[in-house]
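Beneath this line is the structure, given in structure tokens, with notes to follow.
Each value in this text was obtained by applying a stated rule to the coordinates, not by laboratory testing. Here the structure is a predicted model, which is why all the values come from computation and not from measurement. Virtual Cβ from ideal backbone geometry, glycine too; neighbours counted across all protein chains shown.
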């Protein structure tokens, strides 16, 4: 495993739609492992491949084990994830992003979603998620479509760089 360089919001790659992953290969598995390591090193909870300059439809998510959330400890990698179903109920919450360091914003997201895609073995998966996990999944899938959280908010505020995800998790737990 290796750390990858996270690209920032001024990089035009983040505004492009990512390509589908045609099949699971050793390179894709290695990319996912690198993404987990990179995300953990950056104290993140989610990362899309495009954020490490690989425009493929691959996301990794890891909800901290010590978080007061029903999904605490969840760790998953999804290839070609799609929102299969979304709730009508919306929830506002604070979001930060590893590609937009030093800023957070208030974003309305669906309270519950069902996501479908493939796991790292190439098996089809469907995952229903509520609350914070639903928010993180929507945020990461947005990245695959060239959308940043700052596109979904009119309220942003500065924070200490590197504290975005910790503050996000803290807001989600309250």
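Measuring nothing but how far apart in sequence close Cα pairs (under 8 Å, 6+ apart) lie, relative to its length, the chain scores a relative contact order of 25 percent. Placing pseudo-labels 7 Å out from each Cα toward the beta carbon at residue 147 and residue 2 gives an inter-label distance of 3.3 nm. With all pairs of separate Cα atoms included, the range 1-47 yields a Kirkwood hydrodynamic radius of 12.1 Å. Extension gain for residue 84 to residue 171 (0.36 nm times residue separation, less C-alpha to C-alpha distance): 28.7 nm.
The length gained on full extension between residue 126 and residue 19, counted as 0.36 nm times the residue separation minus their Cα-Cα distance, comes to 36.5 nm. Label sites at residue 66 and residue 9, each approximated as a point 7 angstrom past Cα along Cα to Cβ, lie 2.9 nm apart. Highest mobility in the GNM of the chain, judged by mean-square fluctuation with C-alpha springs under 10 Å and restricted to 47, 120, 98, is found for 120.
Each of (i) 172; (ii) 122; (iii) 106 is a candidate for volume of the Cα convex hull per residue in Å³; the one calculated from this structure is (iii). Counting beta carbons within 10 Å around each of 67, 39 and listing the fewest first gives the order 67, 39. Calculated from DSSP H runs of 4 or more alone, at -39500 (n - 2.57) each and per residue, what is the 222 nm mean residue ellipticity of the chain, nearest 500? Taken over the chain, the calculation gives -7500 deg cm²/dmol.
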